[in-house]
Each structure stands twice: as structure tokens, then as C-alpha cells.
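Values in this text are rule-based calculations from the coordinates and carry no lab data. Please read all numbers here as calculations on a predicted model, not as lab measurements. Here the Cβ is made from the backbone with ideal geometry for all residues, glycine too, and neighbour counts use every protein chain on show.
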Amino acid sequence: MSKVNIKNIGVFTSGGDSPGMNAAIRAVVRTALYHNLNVTGILRGYDGMISGEFKSMDRKSVANIIQRGGTVLKTARSDEFRTKEGRQKAYEQLKKHDVDALVAIGGDGTFTGAKVFSEEFDIPVIGLPGTIDNDLIGTDFTIGYDTAINTVIDAVDKIRDTAESHDRLFIVEVMGRDSGLIALRSGIGSGAEAILIPETKTDINALLSRLEHSRKDKSSKIIIVAEGDDAGGGFEVAKVVKEKFPAIDTRVSILGHIQRGGPPSCMDRVLASRLGVAAVESLIEGKSSEMIGIVNGKIHFTPFGNAIKHNKEVNSELLKIVEILSL
Ligand code: F6P
């Protein structure tokens, strides 16, 4: 790996947005300018790359965005980029706009596309993990996860107030199509009585028996369910609970997309800033086709192929904590 002659870095966000993406964009732009490089913002992810939605970015274009959720570059999930023709068009647009390196901010789908693209064409790509799901290998936390779990516990604290007043059981469904990491941490943080996640087989009978034998003096109960759990989402779980315990006053709350919005937490802003700086500096150093994360406090590089499509191992200590503390 040797220093390469990059003049213009393209930056884009892709897939589901996550709080802290703007802080990452800001860090990429300002680091590139610090190193006397030009920066081009690519709008709407791979779709905008294909259709040529490019804009030149300067110091001012990223002012006052570190605190904002969402992404000023917009985002999309692109079907066209999955095709060879789509990627060819994207390459031609990049050449036309003199973009000679890319920083891709997103998750699994973003890096799957980036991996293929960087194998087919001579444009280096570095990835930053931006997803609320925290489901990428090669980083302890993804940008947006901390904010999302804090949004969940804020909501569950409020639900707990009304649950307690009415002596109710609430089944709260949180995001995580393939991953239970939002459910797991927010469940521990909100003192949930049970947490159902796709990584572990949900034994619905064990859950029912747990409810039957749980302390009778507990006036409210919260079950957190990841949307992708094998037992189904919040309504499916509630149906089974209501059939077995018609006397328990049960309600369902689906938190939905509020989990993706809002101002990023300080943890997410700092994470995004560190990764944004490292992304530009690693492109200058000649790296490509790798995702940058932070593992045990240090910058860490993972080839795209290893970062995606592997289920992150669930921390068994956290699972044990749920078991002990929810009694
Ligand atoms: O960003 C990932 C994620 O939050 C998943 O957990 C969720 O299933 C999905 O996005 C939903 O995204 P959308 O409704 O935008 O397709």
C-alpha cells in the first residue's frame, strides 16, 4: 500500500438513514479540505451516483449539521446499482465529475454494492458503518445505534408510566429486521421483563410460563420484541399471550421509524467524527474495499466481505443479565 494521488473524494449515504450520518459527512468533508482535496457530495446514494446528482462541497456546506439527524445527502436503496449496467453508469458519472475515490456511509447493502463496485472498477472505496441496527462485523458500535437505543429507552420509560398506572403488560416492538441488538441493549436499559431477539430461538411456551410464574406484585410488565424475531412481531406475540392469559390487560406498541430520527447522541457524533477523519486519511494512504470501525477504542479495518452478511455474535453476558435481572 502506498500513498496515492487522490484529488477529489466523493461521499454518499445509502440504505436506511441513521443519526450521526451528518456528523460523518461533515468529518469527511472537513478532513478532505484539511488535506487540500476536493469533495463531491453524491445525493440519494447509488441512485444519485447513476443519475449524476453530484454537488461540490465546501467547509460551509457542512456547517451546522453535526447535531442533525437524517442525512443532508439524502439516501436510497438502489435496485439499479445491483445490475452491471447500473454500476457501469455510476462509474461513467464518477469519471465525468473527476471523482477518484469514494466514502460510502451505510450498512450491509451499501457495502455489498461497494464490494462489487471496487472489484469491477479502479475507484477505491472506504466504508463507514452507518446503521441503527449495529449488525456489522468489525466495529463495536455503528453510527446511529447509541442514539436509537436511547430513543427506545426514552419511549419505554414513558410506556412504563402508563403501564404501571393501569397494571398492564406492554409488548413493545423495536426495529431490527435481522438483528436483535437494539432490542437487547434497550431491553436491559429499560428493565424489560423479557427480550425476544432473532439471534436466539424464541420459546414462546417458556415465555408464557415465565409470565405465569413472575412476581404477582409487579403491576406493569414490558416485553421487548425485535421486529424480526422468529416468534413474529409485537402483534403476533400479543395474540399468543392474550389467548393464554385473557385476564392480563395487554397492549402493543410499535415504535417504528422514530428510532431512526432525532439529534445524534454525543457518542454517535464522536464516533462519526473519528471514522470520517480515518476514512479520508486511509484513502490517502491507499486503502480500499474496507470498512472502518472502532474496536476496543481503536480504529479497525475490516474487508467489506467480512463486515457483511455475518450475524454478529450476541454477547452471552448480556443475555445472562436479562435472565437474572428480569425476575
Ligand atoms: O436501517 C435498518 C432498519 O432500521 C431495520 O432495522 C428495519 O427493518 C429497516 O431499517 C426498515 O427500513 P425501511 O422502512 O426504511 O425500509
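Quick notes on this one:
- Flag if LYS320 is away from the ligand (no atom under 16 Å from the Cβ) and either within 19 Å of the chain's Cα centre (by Cα) or not in a strand (DSSP E or B) (or both): yes
- Options ILE182, ILE224; residue that is within 19 Å of ILE149 (Cβ to Cβ), within 16 Å of the ligand (Cβ to nearest atom) and part of a helix (DSSP H, G or I): ILE182
- Residue in segment 250-257 that is over 24 Å from GLY41 (Cα atoms) and touching a Leu at 6+ places or on another chain (Cβ under 9 Å) present: yes
A quick yes/no check of all residues on (1) out of contact with any Phe, Trp or Tyr (no Cβ under 9 Å at 6 or more places or on another chain); (2) under 20 Å from ALA272 (Cα atoms):
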position	(1), (2)
PHE111	no, yes
ALA114	no, yes
ILE123	no, no
PRO129	no, yes
LEU136	no, yes
TYR145	yes, yes
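- When VAL270 is tested against (1) within 18 Å of the chain's Cα centre (by Cα); (2) of a type in the set (Val, Ile, Thr); (3) surrounded by 19 or more Cβ atoms within 10 Å (Cβ to Cβ), only condition (3) is not met.
- Condition met for LYS287 (free of Cβ contacts under 8 Å to residues at least 40 places away in the same chain, basic (Lys, Arg) and either assigned to a helix (DSSP H, G or I) or under 24 Å from ILE105 (Cβ atoms) (or both)): no
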